[in-house]
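Quick notes on the structure that follows.
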Amino acid sequence: MDNIVLQVKDLNVYYGNKRVVRNLNIEIFKNYITAVMGPSGCGKTTFIRTLNRMHEFTPNTKVEGSIILNGQVLDKMDPILVRRRIGMVFQKPNPFPTMNIHDNVIAGYILNGIRIKKSALNAIVEDCLTKAGLWEEVKDDLYKKGTFLSGGQQQRLCIARALAMKPDILLLDEPTSALDPVATAHIEELIVELKKDVTILLVTHNIAQAGRVSDYVTFMYLGELIEYGTAEQMFTAPKNEKTNKFLTGAIG
């Protein structure tokens, strides 16, 4: 199918001898938001870190199975290229503290030694800050440190930084868990807006948030993918009893 951007086949992930993701199979659809839900410790973050090979920074991690991005097998690609094509935003906002706002957005170009014209870089900065809903707030302060921004603004800056590399997929790992309700609402609106440009995988423990923003939902439990379907189907008529128990608060 043309609209499948990512295929995960028979994925197993181990930390040492402990298997934390078990026989996971899933297809992710282009330009949709897929929420990854489940109780703490169920393998959600491990799963998405594996998608852009971030697991390679963790000692004694072993991965079995295959991950295919637009027809290309990820473990046969340069990991730096993988992380350009599958961007990631973490729980806590993490703008680079030594860089100003402008350079934070194009940090991927700076750190990878990618040389393009200054005018093109400036255009990328404006475009990505605009997409992240931040341009009007910071356009007069581009050469101030990113750390002077509020928590919500810092997280939108991190989203702009991820967008600057023009990824196929954006991984968001609990992106609002450190934010207040107002900033959370801004980020949720932004996520829905961004799916026009990029496919989004959103790890969230917040069931209401998944209901507000997602098109598809996965439910993981003890490392296994228990159920995967449209948000409407999952929230109104889950097929698995474990999914139902999670959604109603009986497990979590």
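Can you compute the helix-only [θ] at 222 nm over the chain? Use -39500 (n - 2.57) per DSSP H run of at least 4 residues, normalise by all residues, nearest 500 deg cm²/dmol. Before the final figure, lay out each step's value.
Details: 11 runs with 90 residues, N = 252.
Taken over the chain, the calculation gives -9500 deg cm²/dmol.
May I ask you to compute the full-extension gain from V192 to N60, defined as 0.36 nm times their residue separation minus their alpha-carbon distance, rounded to one decimal in nm? List each step's numbers first, then the result.
Working: separation 132, 0.36 × 132 = 47.52 nm, distance 3.65 nm.
Contour length minus the Cα-Cα distance gives 43.9 nm.
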Using a 1.4 Å probe on the protein heavy atoms only, what accessible surface does T248 show? Give it in Å² to the nearest 10.
100
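How large is the Kirkwood hydrodynamic radius of segment 115-198, in angstrom, based on all distinct alpha carbon pairs?
Working: mean 1/r = 0.0750 Å⁻¹.
Answer for segment 115-198: a Kirkwood hydrodynamic radius of 13.3 Å.
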Round to the nearest 10 and report in Å² the accessible area of S40, as given by a 1.4 Å probe over the protein chains' heavy atoms.
120
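Tell me, what is a quarter of the convex hull surface for the C-alpha atoms of segment 148-190, in nm² with one decimal?
Dividing the Cα hull surface by four gives the mean projection, 3.2 nm².
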Under the 7 Å Cα-to-Cβ spin-label approximation, R22 and K144 lie apart by a distance in nanometres of 5.1
Using alpha-carbon coordinates, inclination of helix 181-194 to the longest axis of the chain, degrees:
90
Where only protein heavy atoms count, and the probe is 1.4 Å, what is the accessible area per residue for segment 31-132 in Å²?
49
Binned at 10 Å starting from 0, the alpha-carbon pair-distance distribution of segment 107-252 in whole percents comes out as 10, 36, 29, 16, 8, 1
Going 7 Å from the Cα of N70 in the Cα-to-Cβ direction, what parts of segment 1-19 have a backbone nitrogen less than 15 Å from that spot?
2-7
In Å³ and rounded to a whole number, note down the convex hull volume per residue for the Cα atoms of segment 1-51.
77
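Determine the alpha carbon to alpha carbon distance for each of K139/K195; K76/K166; K76/K118; K18/K196; K131/K245 and list only those over 31 Å. Working shown, then result.
Numbers: K139/K195 24 Å; K76/K166 20 Å; K76/K118 33 Å; K18/K196 38 Å; K131/K245 37 Å.
Those over the limit are K76/K118; K18/K196; K131/K245.
Return the percentage of antiparallel bridges among DSSP beta bridges fully within the chain, rounded to the nearest 5 %.
Expressed as a percentage, antiparallel bridges in the chain total about 60.
Exposed loop trypsin sites (Lys or Arg not before Pro) only (DSSP loop, at most 15 other Cβ atoms within 10 Å): please give the longest stretch of the chain free of them, not including the sites.
Numbers: sites that count: R115, K117, K139, K144, K196, K239.
Answer - 1-114.
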What distance in nm separates the two pseudo spin-label positions at E136 and L81, each 7 Å out from Cα along the beta-carbon direction?
4.0
Rg followed by Dmax, in Å, when the chain is reduced to its Cα trace:
18.1, 56
Leaving out ligands, DNA and RNA, and with a 1.4 Å probe, what % of the accessible surface on the chain is carbon or sulfur?
50
Given labels modelled 7 Å from the Cα in the Cβ direction, how far is it in nm from I4 to Q91?
3.3
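Give the residue list of GluC sites (Glu not before Pro) in segment 180-236 that are DSSP loop and have at most 10 other beta-carbon atoms within 10 angstrom. Please report the intermediate quantities before stating the final value.
On the way: sites: E188, E189, E193, E224, E227, E232; in loops: none.
Passing sites in segment 180-236 do not exist.
Assuming 1.567 mPa s and 4 °C, estimate D for segment 1-87 with Stokes-Einstein, Rh taken as the Kirkwood radius over Cα pairs, in µm²/s.
Numbers: Rh = 13.5 Å.
For these conditions, the coefficient is 96 µm²/s.
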Could you give the angle, 0 to 90 degrees to the nearest 10, between helix 151-163's Cα long axis and the longest principal axis of the Cα atoms of the chain?
90
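The values are calculated or read from the model by the stated rules, or taken from the named source; none is laboratory data. These numbers were taken from a predicted model, which means no experiment stands behind them. Cβ: placed from backbone, ideal geometry, glycine included. Neighbour counts: every protein chain shown. Heavy atoms of the whole protein, side chains included, go into the accessibility calculation; ligands, DNA and RNA do not. Shrake-Rupley method; radii C 1.70, N 1.55, O 1.52, S 1.80 Å.
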